[in-house]
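The values are calculated or read from the model by the stated rules, or taken from the named source; none is laboratory data. From a predicted model like this one, the values you see are computed outputs, not experimental measurements. Methodologically, a virtual Cβ is constructed for each residue, glycine included, from the backbone with ideal geometry; neighbour enumeration extends over all protein chains shown.
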Amino acid sequence: MKKQLYALKGIVTVLNTPFTDQNTIDLKALQQNVTEALKAGVAGFLVPAMAAEVYKLSHTERLKMVEAVLETVGDRVPVIAGSGETDLEKSKKLLRGYLNIGCTNVLFQIPFQEEAQFRKHFMELADLDPKMIMLQDWDASGYGLNDELICDLFETVEAFRCLKIETVPAGVKYSRMLELTQGKLHISGGWAVSQMMEGLQRGVHAFMPTGMHFIYTTIYRLFEEGKHAKAKQLFLEILPVLAFSNQHLDISVHFFKRLLFRQGIYPTPNVRNPTVPFDTLHQEIADEHIAHVMQLEHRIRQHVVFS
């Protein structure tokens with residue numbers, strides 16, 4: 001296998017979309033979030049993806065978001081543009097738009113009906129010649145794409161370098177794909193962030209969470225420095241937060257936007273409809289967790305994370 005492992009290690013932030021009270025995207029707030037994440041030491045950005053409420057965004061809005069992130073990041077870290085669309089022609093139009101503005105790293109989020117359809121969608125997008133393809137392997141209730149399909153696409157398409165695994169369970173698949181590709185396929189974890197410590201032990205190269213930039217980058221750094229007990233200790237402090245936020249994708253979006261609002265990064269915690277209810281009790285519980293997160297981030301900055 002000629003490919004070399006794609007150089008992306010650490011925390012890759014999946015950006016929430018900030019909305020104004022007029023339900024438009026606040027690009028200035030988005031750029032402020034990017035700046036804070038860069039200060040925290042993130043390794044890259046993914047935008048827009050599921051945490052960005054991507055299917056509620058127009059193509060124009062998506063392009064503007066990617067442009068704003070590219071402008072802020074420059075050449076410091078990779079920016080990966082999400083090209084999720086259920087319709088192939090819409091996906092191709094969106095991908096062409098990203099390439100035209102200079103974003104050559106893309107995430108393919110392709111609906112799976114059957115293998116021939118999936119392969120056709122993938123190959124027609126790949127023919128547009130992005131520099132790097134990350135494939136999202138999303139299945140909220142099962143094992144996701146079969147190993148043979150992933151390996152065949154990896155062997156066939158030069159630009160296919162990265163796999164974002166979000167399946168149930170994720171851990172075994174992390175290890176299996178690393179073994180099958182001889183460690184050459186870049187593996188990242190997303191929704192299974194509540195199993196982050198397991199993923200790190202299995203050799204996952206990057207994690208793609210939303211928010212809590214300083215906390216996640218500190219956990220990753222401690223693990224990489226061999227301070228596994230301290231990494232685990234810090235991770236355990238946010239596990240109740242993840243248990244609450246990961247009830248549902250929409251709950252996660254509500255929670256992390258509320259956190260960004262409380263941190264003064266986003267001007268509103270607004271979420272676009274339709275969305276699952278986020279009622280008064282949710283808000284009270286979220287605010288308790290947010291207070292804990294902000295205190296923990298303060299302790300990290302003061303270098304007094306551990307008792």
Expected single match for modelled with pLDDT under 95, outside any helix (DSSP H, G or I), among the β-branched types (Val, Ile, Thr) and in contact with a helix residue (DSSP H, G or I) (Cβ under 9 Å, 6 or more places away or on another chain) among Val168, Val77 is Val168
Restricting segment 185-209 to residues that are within 25 Å of Gln263 (Cβ to Cβ), of a type outside the set (A, V, I, L, M) and assigned to a loop (DSSP other than H, G, I, E, B), the one modelled with the highest pLDDT turns out to be Pro209
Residues of segment 262-300 being out of contact with any Phe, Trp or Tyr (no Cβ under 7 Å at 6 or more places or on another chain), within 21 Å of Lys232 (Cβ to Cβ) and in contact (Cβ under 8 Å) with a residue 24 or more places away in the chain, in sequence order, are His292, Val293, Leu296
Restricted to segment 112-142 and to residues being assigned to a loop (DSSP other than H, G, I, E, B) and touching a helix residue (DSSP H, G or I) at 6+ places or on another chain (Cβ under 7 Å), the residue surrounded by the most Cβ atoms within 10 Å (Cβ to Cβ) is Pro130
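Within segment 125-155, how many residues are of a type in the set (Asp, Glu) and under 19 Å from Leu88 (Cα atoms)?
Total satisfying the criteria: 3.
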Taking first residues from segment 237-255 that are farther than 14 Å from Glu288 by Cβ and second residues anywhere that are buried (at least 22 other Cβ atoms within 10 Å of the Cβ) and not aliphatic (A, V, I, L, M), the pairs with Cβ under 7 Å that are 6 or more apart or on different chains are Asn246/Ser252; Ile251/Ser245; Ser252/Thr210; Ser252/Ser245; Val253/Asn16
Of those in segment 42-59 that are in contact with a helix residue (DSSP H, G or I) (Cβ under 7 Å, 6 or more places away or on another chain) and over 19 Å from Leu249 (Cα atoms), the residue surrounded by the most Cβ atoms within 10 Å (Cβ to Cβ) is Val42
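Let's see how each residue does on (1) of a type in the set (A, V, I, L, M); (2) in contact with a strand residue (DSSP E or B) (Cβ under 7 Å, 6 or more places away or on another chain); (3) over 24 Å from Ala126 (Cα atoms):
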position	(1), (2), (3)
Ser175	no, no, yes
Lys184	no, no, no
Trp191	no, yes, yes
Gly203	no, no, yes
Selection from segment 267-307 of residues surrounded by fewer than 10 Cβ atoms within 10 Å (Cβ to Cβ), polar (S, T, N, Q) and within 20 Å of Ala231 (Cα to Cα) yields Gln302, Ser307
Within segment 56-75, residues acidic (Asp, Glu) and touching a Gly at 6+ places or on another chain (Cβ under 9 Å) come out as Glu67
Taking first residues from segment 106-122 that are on the phi > 0 side of the Ramachandran plot and second residues anywhere that are at pLDDT 95 or above and in a loop (DSSP other than H, G, I, E, B), the pairs with Cβ under 8 Å that are 6 or more apart or on different chains are none
Say whether the condition of being touching a helix residue (DSSP H, G or I) at 6+ places or on another chain (Cβ under 8 Å), without any contact (Cβ under 8 Å) to a residue 24 or more places away in the chain, aliphatic (A, V, I, L, M) and outside any loop (DSSP other than H, G, I, E, B) is met by at least one residue in segment 210-220.
yes
Reported set for segment 67-109 where residues are within 16 Å of the chain's Cα centre (by Cα) and farther than 16 Å from Leu38 by Cα is Ala81, Gly82, Ser83, Gly84, Asn105, Val106, Leu107, Phe108, Gln109
Exception for Ser175 within (1) surrounded by fewer than 14 Cβ atoms within 10 Å (Cβ to Cβ); (2) more than 30 Å from Asn33 (Cβ to Cβ); (3) among the small types (Gly, Ala, Ser) falls at (1)
